[in-house]
Amino acid sequence: MRFFKRPNINFMKAKYIAFAISLAIIITGLIFIKKNGLNYGIDFVGGTLLQIKFSHPVKIDELRAKLKESGFKNAIIQAVENSQDEYIIRVEKMGTGEEEEHLKIANRLVHLFMSPDEEKLSKEKLNLNLMSTAEIRDLLARAFPEEKAQIWAQKIADLKKERKIIKSFEELKEAGIPAAPLNYLKEKAFLGSVAIMRVEYVGPQVGKVLRHKAVLATVWALLGMLIYIALRFRLLYGFSAVLTLAHDVLVTLAFIYFLNIEFDLKIVAALLTIVGYSINDTIVVYDRVRENFPLFRKRKGMSFSELLNLSINQTLSRTILTSGTTLLALLALVLFGGEVIHGFALTMFIGVIVGTYSSIYQSCAYLDLWSKKFGTKGLVR
């Protein structure tokens, strides 16, 4: 499929304008990122992880709406094994980030998902589904011998471990809790509709390690591509491609800052994917340049700029078709993919545009600059 029969666009003529635009975006982005920093997500700044179980199905959109209303705008919600009653919720670090604060945040989140009736009841009675084994034992020990209290508390703990949440006092009866302690628990406690499975916290040190690994992953990817292109083409092509990839990452980072996209591990994955997409587009153009070497040597008056323009024009239909279909798929994800993958999809959308533009106005333009300064030495075999 061809969009143009025989395009003859002088792409290299506009390379200095492209350089100026890219440089302006990169410098502006770096200045603001250095001054204000990126909008780091929980993966990098640390936060609280809470796994909760509901006694009834709850839609993820309802949880997200409640979290936003309570100030947890950047919370990440994930269903456990595609269930509708068990979720993992991650919220970013607040305050000093001490363990006690994470427990307070966990309790705050649980109360957030309680019904008004449960909230009212929690002021008068204890929530059995939120009590530890020791707390249940201490409660029962107020009215019964401590040895008995310990046995019953353990039975309740085993039941909670098996079913994750106790939905009715009949379940306690089936588990072997006698009538007397059962009636006592009914009087002193109630069964809430939310139970905490686990509470974990990620400290800032973990965030530093993740940032370091993310940078290393990008650097190693660039180095590997430099070696590959240098072997397949020539060293100058490898350096040009790596400069182009660095350009793509920096421009995309600038737009991540401008659009206030939350920077987490999904965005790191998007950046590495963009690097792979961009290098593929660049190699297609470079391959056509190499195929046109005989024509370049045959036409004595042909400049290297003309060779680059010819190669880009010959691959233009392929570039438009590939990038266009990719952008349509990404646009659908940006508009209809939901909040969980919105940042990833938007970053990819920007990156594909930048990668397509840079394969012409960066990777080829660098080679054109070299040819004007040093001739075709190192460019043509």
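The values are calculated or read from the model by the stated rules, or taken from the named source; none is laboratory data. Here the structure is a predicted model, which means the values were calculated and not measured. Neighbour counts are summed over all protein chains in view; Cβ atoms, including those assigned to glycine, are modelled from backbone coordinates with ideal geometry.
Taking the criterion of being among the small types (Gly, Ala, Ser) and surrounded by fewer than 24 Cβ atoms within 10 Å (Cβ to Cβ), the residues of segment 240-254 that qualify are Ala246, Ala254. Taken together, Lys53, Lys35 contain a single residue that is assigned to a helix (DSSP H, G or I) and of a type in the set (Lys, Arg), which is Lys35. Of all the numbered requirements in (1) touching a Phe, Trp or Tyr at 6+ places or on another chain (Cβ under 7 Å); (2) at pLDDT 85 or above; (3) assigned to a helix (DSSP H, G or I); (4) hydrophobic (A, V, I, L, M, F, W, C), Leu210 misses one, and that requirement is (2). Taking the numbered list (1) farther than 24 Å from Val354 by Cβ; (2) aromatic (Phe, Trp, Tyr); (3) in a helix (DSSP H, G or I) in turn, Tyr237 passes all entries but (1). In segment 10-35, the residue that is surrounded by the most Cβ atoms within 10 Å (Cβ to Cβ) out of those that are over 16 Å from Ser358 (Cα atoms) and in contact (Cβ under 8 Å) with a residue 12 or more places away in the chain is Gly29. Take Leu112 and decide whether it is within 27 Å of Leu67 (Cβ to Cβ), aliphatic (A, V, I, L, M) and either surrounded by fewer than 17 Cβ atoms within 10 Å (Cβ to Cβ) or out of contact with any strand residue (DSSP E or B) (no Cβ under 9 Å at 6 or more places or on another chain) (or both). When the stated conditions are applied, Leu112 passes them. Of all positions in segment 144-159, at least one carries a residue that is within 27 Å of Lys59 (Cα to Cα) and part of a helix (DSSP H, G or I). Being under 23 Å from the mean Cα position of the chain (by Cα), at pLDDT 90 or above and closer than 21 Å to Val268 by Cα holds for only one residue in Ile42, Ile33, and it is Ile33.
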